[in-house]
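First the structure, in the form of structure tokens, and then the observations on it.
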Amino acid sequence: MPSSRYMGRIDFLGSGNAFLPHGRMHALVLVDDCVLVDAPPTVLAQLRRCGTSPSVLKHVLITHWHADHTFGFPFLLLERKYISDPECEAVLNVHLRPGGRGLLGDLCRTGFPGSLEESLEESIAWSEAETGKLEETEWSFERFAVKHVEQTDPHGYELVHSSGFRFLHCGDSGPCEEIDDRARRCQVVLLEMGIPDFVESPHHHTPSDVVAFSERHPHTLVLVTHNYSSARGEEMGFPMPELPESVIQIEDGDSLLIDDDGSIFMKRKS
Ligand SMILES: [Zn+2]
Ligand SMILES: [Zn+2]
């Protein structure tokens with residue numbers, strides 16, 4: 001998936017919530033073919049589908065500990081060790097909150113006991129820094145706290161391109177001030193919409209929350225992911241809600257392209 005024509009590229013490899021709605025895999029973002037945000041259980045299938053080898057990944061940014069965001073991590077390591085990087089030449093930079101190294105390590109030891117110790121020690125550069133440059137890319141990041149299940153230590157990432165373009169990945173979160181504050185300076189905001197309006201929870205956005213957000217930020221392109229509804233054209237499950245035209249409910253396979261002049265273009269899956 002070459003990004004040569006464009007200055008930057010964000011591919012949406014999944015757009016569903018934890019329940020895997022019809023036609024959607026778990027929410028997953030790939031930036032410039034080498035930065036993953038989260039590692040859902042189906043991550044290998046999602047990378048295969050877009051033709052990206054796990055060995056070319058340079059960074060993984062973890063938002064929080066929920067299984068739909070982390071349980072694919074052992075599979076990523078396993079694939080790199082036995083298939084795409086058997087000489088263990090590529091280092092994977094994993095950015096996460098304190099405690100995450102132990103948690104992901106335990107996941108790997110539970111899932112593939114004895115197989116991934118070397119990978120965990122030698123093929124990963126663990127980083128708990130809250131801000132930093134994503135080495136060998138044009139991006140830097142700031143991690144910020146969001147409003148979600150407390151035990152999962154929930155965070156989002158503000159990704160800043162060297163051109164000045166800013167992309168706000170809000171992780172899993174209900175409406176919160178931190179997102180509103182940061183959204184004012186970001187061209188594109190990726191919001192989760194994990195629950196329909198009839199479910200009451202402060203930990204996710206509903207369609208009504210998304211509408212209110214887009215009204216507060218009329219100059220921001222609002223993208224919706226981690227969707228509770230089925231994908232377009234699916235007859236089973238929850239139908240997609242009606243949202244304002246300024247809001248895009250992304251589908252698996254959609255991409256956001258950033259051109260040299262900073263203009264942005266959504267490429268919908270064909
Ligand atoms: Zn989730
Ligand atoms: Zn979550």
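The values are calculated or read from the model by the stated rules, or taken from the named source; none is laboratory data. Predicted model only: the values in this text are computed from it and were never measured. Reconstructed Cβ throughout: ideal geometry from the backbone, glycine too, with neighbour counts over all protein chains shown.
Would you point out the residue of the stretch 70-121, among those that are assigned to a loop (DSSP other than H, G, I, E, B) and touching a Pro at 6+ places or on another chain (Cβ under 7 Å), that is surrounded by the fewest Cβ atoms within 10 Å (Cβ to Cβ)? In this case the residue turns out to be 112. Taking residue 167, is it touching a strand residue (DSSP E or B) at 6+ places or on another chain (Cβ under 6 Å), modelled with pLDDT of 95 or more and not in a loop (DSSP other than H, G, I, E, B)? Yes. Within the stretch 150-204, the set of residues being of a type in the set (Lys, Arg) and more than 15 Å from residue 222 (Cβ to Cβ) is empty. Among residues of the stretch 122-149 that are within 20 Å of residue 77 (Cα to Cα), those with a beta-carbon under 8 Å from a residue that is within 16 Å of ligand 1 (Cβ to nearest atom) and aliphatic (A, V, I, L, M) at least six positions away or on a different chain give the pairs 126/96; 127/96; 128/96. Among the residues of the stretch 33-63, those identified as touching a Gly at 6+ places or on another chain (Cβ under 6 Å) and farther than 19 Å from residue 109 by Cβ are 40, 46, 63. Restricting the search to strands (runs of 3 or more DSSP E) fully inside the stretch 210-270 and requiring at least 3 residues that are hydrophobic (A, V, I, L, M, F, W, C) and more than 27 Å from residue 199 (Cα to Cα) gives 255-258, 264-267.
Give 149, 160, 188 a once-over and let me know the one that is within 15 Å of ligand 1 (Cβ to nearest atom) and β-branched (Val, Ile, Thr). Within the list 149, 160, 188, the selection yields 149.
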